[in-house]
Amino acid sequence: MKKLDKLILTAFLGPFFLTFVVVVFILLTQYLLKYLEDFVGKDLGFSVFAELIFYFSLNMVPVALPLAILLSSLMTFGNLGEHFELTAIKSAGISLTRALLPIGFIVILLSVVAFFFNNNIVPKANLKAYSLLYDIRQKKPALDFKEGAFYNGLPGYSIKVSKKFPDGRTLKNLMIYDHSQGKGNTDLIIADSGKMYMAYNDKYLILELFNGKNFSETQDNERPQGYTFLRNEFKKSKMVFSLESFELNRTKEELFATNKLMLNVSELQKTSDSLRNEKKNIEKSLEGNVKPYYSFHTRQDSVARNVSKAQAINVNDSLVKANKQQILNRAVNQARSIKAFTSTHVERLYHLTKDSNIFEIEKYRKYTQSLACIIMFLIGAPLGAIIKKGGFGIPVLISIIFFILFYVLSIMGEKWAKESLVEVPIGMWWANFMLFPVGLFFWYKARKDSRLFETDIYTPLISGFKKIFKKK
């Protein structure tokens, strides 16, 4: 490796790792904010959050790589230009294309790694992340007794606390309805005070009650009224509640394995092909199913073939006159039937096409996100050489603009492909096709040492416009 290559790689790798970590953190934070309500009040623990953040971080890698490459390459060549190192390289007879080669080789390598990572690692990480997220959503919130309100989180019990002391354990004026027998509000416990604490590794909640009464109503067929009412007083009583329903129960990951986010390229292609084959089979069977509705077009009456055309017309006219209303009702019913039949099949074909497009979109996304690394490098490196500004100021602003442009174009193409307005490959490659010429344009201008973003070269043009408007 030559000293020039080592210099450029050293200048690139530092900003790349820094920007990559920052971009992953920003994207991860924005993504997890959508599920913030599902995490609040469930006492999940650090290990669950760490596992979820780790898997979602792997999911963000293919999205963060293009932006990190764009920003770091722009910063690298912006710094080289700002400190006149790029000028010294060119004065030594080394072209800009040669200066781009070491980083270009790294970017191509990163694109290949990004594809294999997106195809093999990300589906497994998605399976782990989304199955865990589903279990978190299903988990009950942690115990939280509110003053003056009934708490129904414990299965079979409804508990009301009038006052909760600051220590979080001492309670005042408790009312407990026992619904565990499924007989309604027949069992009631009232206590002057109480104390709660956990036991057996927080698997059980123990509630100690003081100075209370227990009211119970049971059915008694031997008594005239049919019910027996019991009342007991106690100085101290203890109730034990199982907290098994509050634990995080894990669902089998196999139940999520068929989702598009959990499949690699070959599995996505296989699923898409099976959906398209199902669509073709429905289209083939459609003609045979519709044909009976048009039997009056295909019916061949042997008697009618021997009758002359004039006689046939007379017979049909007489039949129409005799049974006009009956024929009209039959025609209307038959039209309604075929309309309902075709509408159902058209709707089914539409959904099959859309589902097939969705799986194909996810397949092509793995290619487009990988190639976007090269395109962002083609935009960022020449643009940094033209601007000659490093740091986090102008490079960050320009990177955000181009990344938003890439994101908007990707969303547009994806939407067109999903609705079958364009072919799926065209819709998914749309953003790359649009930005690739932009990268070539900046590379061409950088080779020619263009002063593309310097305001003084536009001064004569602006002055000319001003003169024209003044004359008018």
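The values are calculated or read from the model by the stated rules, or taken from the named source; none is laboratory data. Predicted model, so just to flag it, every value in this text is computed and none were measured. We place every Cβ from the backbone using ideal geometry, glycine too, and count neighbours over all the protein chains shown. Note: areas computed on protein heavy atoms with side chains; ligands, DNA, RNA excluded. Shrake-Rupley method; radii C 1.70, N 1.55, O 1.52, S 1.80 Å.
At a glance:
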{"read-out": "For segment 95-171, alpha-carbon Rg and Dmax in angstrom", "value": "27.4, 80"}
{"read-out": "Computed Rg/Rh of segment 1-61, alpha carbon atoms with Kirkwood Rh", "value": "1.24"}
{"read-out": "Entries in K34/K203; K163/K236; K139/K164; K183/K213; K3/K445 that, when Cα-Cα distance is taken, lie over 22 Å", "value": "K34/K203; K139/K164; K3/K445"}
{"read-out": "With DNA, RNA and ligands ignored, accessible area of D167 (1.4 Å probe; Å², nearest 10)", "value": "90"}
{"read-out": "5 Å-binned pair-distance histogram of segment 362-434 (Cα, whole percent)", "value": "3, 16, 24, 20, 14, 10, 7, 4, 1"}
{"read-out": "Å² per residue, accessible surface of segment 327-457 at 1.4 Å", "value": "54"}
{"read-out": "Loop-located chymotrypsin sites (Phe, Trp or Tyr not before Pro) in segment 122-222, at most 16 other Cβ atoms within 10 Å (DSSP)", "value": "F145, Y200"}
{"read-out": "Segment 55-100 - Rg (one decimal) and Dmax (whole number), Cα, Å", "value": "15.2, 48"}
{"read-out": "Segment 62-103 versus segment 150-217: alpha-carbon centroid distance in Å", "value": "69"}
{"read-out": "Principal semi-axes in Å for segment 28-121 [√(5λ), Cα gyration tensor, largest first]", "value": "41, 16, 9"}
{"read-out": "Bins of 10 Å from zero: percent of alpha-carbon pairs in segment 113-221", "value": "12, 31, 23, 13, 10, 8, 3, 0"}
{"read-out": "Gain in span if fully extended, N211 to T342, counting 0.36 nm per residue against the direct Cα distance", "value": "39.9 nm"}
